[in-house]
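Engineer: One structure, pasted below without further comment.
Taken together, the values in this text are just the output of simple stated rules run on the coordinates, not laboratory data. It should be emphasised that the depicted structure is a prediction, and the values quoted were computed from it without experimental measurement. Backbone-built Cβ (ideal geometry, glycine too); neighbour counts: all protein chains shown.
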Amino acid sequence: MTWALEGVGTASQSVEGVEEAAKWLVESTERSRRAFDAEWQWERLMDSALRVREVMLDEGRRSLERGAPWESADEGVQVRLAQRGA
């Protein structure tokens, strides 16, 4: 899993499945709170992360089950899921 959070940065994490990837995304977004001067900016980013999480748990899971990588972006949150070694 690779993700980018606008105003925070980019990171990668090896995870066991889509549920774990979704958990990492939300936890990373929660930790990013200190990077924002205004609470509304962080809240907007968290809302985007939660929307991406919902799509990830549906479309992302189905793509990975077919062996295909999956990507999504929503207002400052970008996520890419791929099988290990892909």
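Engineer: In the range 50-86, how many are among the small types (Gly, Ala, Ser) and touching a strand residue (DSSP E or B) at 6+ places or on another chain (Cβ under 6 Å)?
Structural biologist: 3
Engineer: Okay, moving on. Being exposed (fewer than 15 other Cβ atoms within 10 Å of the Cβ) and among the polar types (S, T, N, Q) is the filter here, so list the residues in the range 42-86 that pass it.
Structural biologist: Of everything in the range 42-86, just one residue is exposed (fewer than 15 other Cβ atoms within 10 Å of the Cβ) and among the polar types (S, T, N, Q), namely Gln83.
Engineer: With the requirement that a residue be in contact with a helix residue (DSSP H, G or I) (Cβ under 8 Å, 6 or more places away or on another chain) and over 20 Å from Trp42 (Cα atoms), what does the range 1-16 give you?
Structural biologist: Met1, Gln13, Val15
Engineer: Out of the range 7-27, which residues are buried (at least 16 other Cβ atoms within 10 Å of the Cβ) and farther than 24 Å from Ala68 by Cβ?
Structural biologist: Val8, the sole residue that qualifies.
Engineer: With a cut-off of at least 2 residues that are among the β-branched types (Val, Ile, Thr) and touching a residue at least 24 places away in the same chain (Cβ under 8 Å), name the helices (runs of 4 or more DSSP H) lying wholly within the chain. Explain how you work it out, then say what you get.
Structural biologist: On the way: elements: 18-31, 39-55, 61-65.
Of the helices (runs of 4 or more DSSP H) lying wholly inside the chain, those with at least 2 residues that are among the β-branched types (Val, Ile, Thr) and touching a residue at least 24 places away in the same chain (Cβ under 8 Å) span 18-31.
Engineer: Report yes if some residue within the range 41-58 is under 16 Å from Thr10 (Cα atoms), charged (D, E, K, R) and within 12 Å of the chain's Cα centre (by Cα); otherwise report no.
Structural biologist: Checked the range 41-58: no residue is under 16 Å from Thr10 (Cα atoms), charged (D, E, K, R) and within 12 Å of the chain's Cα centre (by Cα).
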